[in-house]
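Below: one structure, written as structure tokens.
The values are calculated or read from the model by the stated rules, or taken from the named source; none is laboratory data. Here the structure is a predicted model, which is why all the values come from computation and not from measurement. A quick note on method: Cβ atoms are made from the backbone with ideal geometry, for glycine too, and the neighbour counts reach across all protein chains shown.
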Amino acid sequence: MLCSRARTALSARLDAEELPPGVTGRRLREHLAECAGCRAWEAGALRLQRAVDGGSVGGAESAGDAPRADSDNFGTVSGSSGNSGSSGSSGSSGREAC
């Protein structure tokens, strides 16, 4: 699965919308199990959603700590880039670098 497709599905799931056609929960879970970049993107999207919804769960983060939607680094976590190497993704067909 392409990362762009997985991230579209993650966004839909966060918004309580249906997954895009052709994307199943199982395929999305399998992609997340293999793709650190998409896991980081999902974590950032959750932080942003919590900040927008009026605060973070557990009070661990403030709105200033949440990633900005207009940021080029939206999918980054704690200063690491979403493209932290291929870690097992080499040779996988149908996936783009995250």
- Query: For segment 35-54, what are the residues that are without any contact (Cβ under 8 Å) to a residue 60 or more places away in the chain, assigned to a helix (DSSP H, G or I) and not aliphatic (A, V, I, L, M)?
  - Reply: Arg39, Trp41, Glu42, Gly44, Arg47, Gln49, Arg50
- Task: Only residues that are surrounded by fewer than 14 Cβ atoms within 10 Å (Cβ to Cβ) and part of a helix (DSSP H, G or I): list them for segment 1-19, please.
- Result: Ser4, Leu14
- Query: Yes or no: Ala6 out of contact with any Gly (no Cβ under 9 Å at 6 or more places or on another chain) and modelled with pLDDT of 50 or more?
  - Reply: yes
- Message: Considering only residues that are surrounded by fewer than 14 Cβ atoms within 10 Å (Cβ to Cβ) and within 17 Å of Ser4 (Cβ to Cβ), which ones fall in segment 25-46?
- Response: Glu30
